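One structure is given below, encoded as structure tokens.
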Amino acid sequence: MVDTRNGSTVTEFVLVGFEQSSPSTQALLFALFLALYSLAMAMNGLIIFITWTDPRLSSPMYFFLGHLSFLDVCFITTTIPQMLVHLVIKNHTLTFASCLTQMYLVFGVGVAECILLAFMAYDRYVAICHPLTYAQVMSRQVCVRLVSTAWFFGLINGILLDYMTFRGPFCRDNHVENFFCEAPIVIALSCGDPQFSLRVIFADAIVVLLSPMALIIISYARILASILGKAFSSSRGKTFSTCASHLTVVIFFYTSAMFSYMNPRSTHGPDKDKPFSLLYTIITPMCNPIIYSFRNKEMKGAMVRALGRSSLSRAESV
């Protein structure tokens, strides 16, 4: 046990990140992550713009897509810009308040995205399996309530997990072996017994990760069962492809998040944590627009119209 009477209270944390890498490796990582971040921001920003401005994209599916992209923008902006700065400068310190705020935003937005993905799967289930009642079941008011519910539970959940992470004093080593303040790693630096906090986070992860994932699996299983039960149609292959694509994103996001928050810390290490953290903090937000939107003909048409209006505006201003 550490004698807290002789230890100094931690007022800031040091994000180790990739500081042990060589300068050339850090330069390569900076260029790579900057390109990925820029691409993710551009794609998600375009989706937000067209789903919120194009009247032809007024269905619930596009309403949810716009909010998913907004969540992705918030999620990657919470962690990646800071990581890029730390790849350039040698000072990797983060104040106690900044670490707490970052962790709250990661929790809040991440949980909201988990819930929203489940609602999106349910929306597809109603659209495909109950098309005659789709307009009534997924009305505009219902969609707004579902998105509000995702945000509400995400932000409330962030308060709980932040409290469990920072409820004890910190007087041990303040080095966080990751590129952002991740709860299980920070809890391990607490002076008190971390087991209670880790158990609460584990139980919370079961609820906020496995419950939405179960709804997603059930929704797509019923979609597939409905398609297989019908006579052959030209849309069967498209539906299979869409389901497989959506489930791929879900698997990437959920498995990486579950590894971070539902595994014992003894099985973790910097070499294991960072790849999974990168997967759900930047790779998934970048893939979401490709999987959910860019393969859709209506989305492609809206993008062409938006880019055409932009080109026309520039031409008229010259």
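Structural remarks
- Only listed residue being farther than 30 Å from Ser38 by Cβ, assigned to a helix (DSSP H, G or I) and not β-branched (Val, Ile, Thr), chosen from Gln102, Gln141, Gln82: Gln141
- The one condition in (1) open to solvent by 50 Å² or more (accessible area, probe 1.4 Å); (2) at pLDDT 75 or above; (3) not small (Gly, Ala, Ser) that Phe240 fails to fulfil: (2)
- For the range 281-304, filtering for residues that are under 24 Å from Gly17 (Cβ atoms) and either open to solvent by 10 Å² or more (accessible area, probe 1.4 Å) or modelled with pLDDT under 75 (or both) leaves 3.
- In the range 203-216, of all residues being touching a Phe, Trp or Tyr at 6+ places or on another chain (Cβ under 7 Å) and over 21 Å from Cys99 (Cβ atoms), the one that is least open to solvent (accessible area, probe 1.4 Å) corresponds to Leu209.
- Within the range 170-188, the set of residues being open to solvent by 10 Å² or more (accessible area, probe 1.4 Å) and without any contact (Cβ under 8 Å) to a residue 40 or more places away in the chain comprises Asp173 only.
- Near pairs, Cβ below 7 angstrom, 6+ apart or cross-chain, from the range 125-149 (hydrophobic (A, V, I, L, M, F, W, C)) to any residue that is not in a helix (DSSP H, G or I): Val126/Met138; Val137/His130
- Selected residue [open to solvent by 30 Å² or more (accessible area, probe 1.4 Å) and either more than 28 Å from Val207 (Cβ to Cβ) or at pLDDT 85 or above (or both)] from Ser98, Ser69: Ser98
- Search result, residues across the range 41-66 that are in a loop (DSSP other than H, G, I, E, B) and open to solvent by 20 Å² or more (accessible area, probe 1.4 Å): Pro55, Arg56, Ser58, Ser59
- Given (1) closer than 25 Å to Leu279 by Cβ; (2) among the aliphatic types (A, V, I, L, M); (3) touching a residue at least 60 places away in the same chain (Cβ under 8 Å), number of the condition Leu84 does not satisfy: (3)
- Selection status of Gln26, modelled with pLDDT of 90 or more and either in a helix (DSSP H, G or I) or buried (at least 19 other Cβ atoms within 10 Å of the Cβ) (or both): no
- Residue within the range 119-127 that is of a type in the set (Val, Ile, Thr) and open to solvent by less than 20 Å² (accessible area, probe 1.4 Å) present: yes
- Picking from residues in the range 177-200 that are in contact with a Phe, Trp or Tyr (Cβ under 8 Å, 6 or more places away or on another chain) and modelled with pLDDT of 85 or more, the one that is nearest to Gly108 (Cα to Cα) is Cys181.
The values are calculated or read from the model by the stated rules, or taken from the named source; none is laboratory data. In this text, all values refer to a predicted model and were calculated from it rather than measured experimentally. When we count neighbours, we look across all protein chains shown, and the Cβ atoms used for this are built from the backbone with ideal geometry, even at glycine. Please note that ligands, DNA and RNA were not included when accessible areas were found on the heavy atoms of the full protein model with its side chains. Shrake-Rupley method; radii C 1.70, N 1.55, O 1.52, S 1.80 Å.
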